[in-house]
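Read-outs: derived from the displayed coordinates by stated rules, not from any lab. These figures come from a predicted structure and were not determined experimentally. Cβ atoms come from the backbone with ideal geometry, glycine included; neighbour counts cover every protein chain shown.
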Amino acid sequence: MKHKLLPLSETMHYILLALREPLHGYAVMQKIEHMSKGSVSLAAGTLYGAIENLSKHGWIEPVGHSGRRKIYKITEEGSTILKMEQERLSHILSLYEEGEVNEEV
Amino acid sequence: MKRFKVFINIEKEEEWLNEQLQKGYRCTHINSLGLYTFEKTDQKYVMRLDYQEYLPKEKLEEYIGIYEDFGWNYIKGAGLGIRYWQKEDNGQNEIFSDRQSQGNYYKRLMNYSLWFGMLCLVFSFMIYKDTRLYHEGLWDMNGALFWKALIFETPFVLLKLLPILMAGIFAGSYYKAYVKYSMLREKS
């Protein structure tokens, strides 16, 4: 059976992408706001729960502290998940493009 | 201002605390007996309640730290896992921003109702196992004496029924949380 976090929700997807560089929680939210051009604004409880969930599954891990804040980074396993999601999404994108070609014909 | 109040349903409690804020009273402390302390305020605040079972010290620090970064203040509550958050009203007033985390929240509320409801049931069983609600002798009494004894004993009987009543209310709030949880699940 498929992993219960797959396919990735928008929140999880953005967090994994943001954590390709090490960041603490609040910085993750800020980065995602920037990456999504302001369309994804995570709330505190959602961010906390997602970090909990992702580290429980070993897709991200704490790599240090900045003051009292914990810094996280994506793991090997997390990167594999992103790779799989990328393939899934590019396939869907290719179907979009096929559709456009068919319409032209 | 101090108010005494007991809530079984966490969402009702959140609603009540926000009603007090609309009247200009900000909650500053909640003790374990259900005594809420308020102070008058001119500013606009919002309150949000989360439920997190026991968090070890390090987890709790991280949990509080992330919320504080978003501008939320942690209000010491009665324990029992209900987390009280307060913040100045600035339009960004929710603690959950997606369906998944909102659903997980209702899942936690279901667990909360389940455990406390079970506790009430166990407690009820312990009480009712070897005592009857009314004294046996009561039913042999006649006339005025019977009525007087009945009226005298009834408040105690109601007290004895309290745990089973509470178990019923917990069952109700379990069901409410379950309905909201499954509605969120269906859409995703």
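Data for the structure
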item: Choice from B:121, B:35, B:158 showing the highest fluctuation, given a GNM over chain B with Cα pairs closer than 10 Å; result: B:158
item: Sequence-distant residues sharing a close amide H with residue B:97 (under 5 Å, placed H); result: A:43, A:46
item: Phi-based couplings in Hz for region B:153-160 (Karplus 6.51, -1.76, 1.60; Gly and Pro marked x); result: 7, 4, x, 5, 5, 4, 4, 5
item: Sorted by Cβ density within 10 Å, fewest first, the residues B:169, A:81, A:15; result: B:169, A:81, A:15
item: Longest to shortest principal axis, alpha-carbon extents of region B:2-88, angstrom; result: 36, 27, 18
item: Förster-model FRET efficiency, 41 Å R0, residue A:96 and residue B:92, C-beta, rounded to 0.05; result: 0.75
item: Inter-centroid distance (Cα atoms) of region B:121-145 relative to region B:148-182, Å; result: 18
item: Efficiency of FRET between residue B:183 and residue B:154 - r from beta-carbon atoms, R0 51 angstrom, step 0.05; result: 0.80
item: Footprinting exposure proxy for B:130, B:69 (fewest neighbouring C-beta atoms within 10 Å first); result: B:130, B:69
item: Residue order, fewest to most beta carbons within 10 Å, for A:9, A:79, B:113; result: A:79, A:9, B:113
item: Residue-wise HN-Hα coupling along region A:50-56, computed from phi with Karplus coefficients 6.51, -1.76, 1.60 (Hz; x: Gly, Pro); result: 5, 4, 4, 4, 5, 6, 4
item: Acute angle (nearest 10 degrees) that the helix B:10-22 long axis makes with the longest principal axis of chain B, alpha-carbon atoms; result: 60
item: Cα centroid separation, region A:13-72 to region B:40-98 (Å); result: 18
item: Dipole in debye (nearest 20) - the protein assembly as shown, about Cα centre, beta carbon charges: Lys, Arg +1; Asp, Glu -1; result: 1180
item: Over the protein assembly as shown: helical MRE at 222 nm, DSSP H runs n ≥ 4 each giving -39500 (n - 2.57), nearest 500; result: -19500 deg cm²/dmol
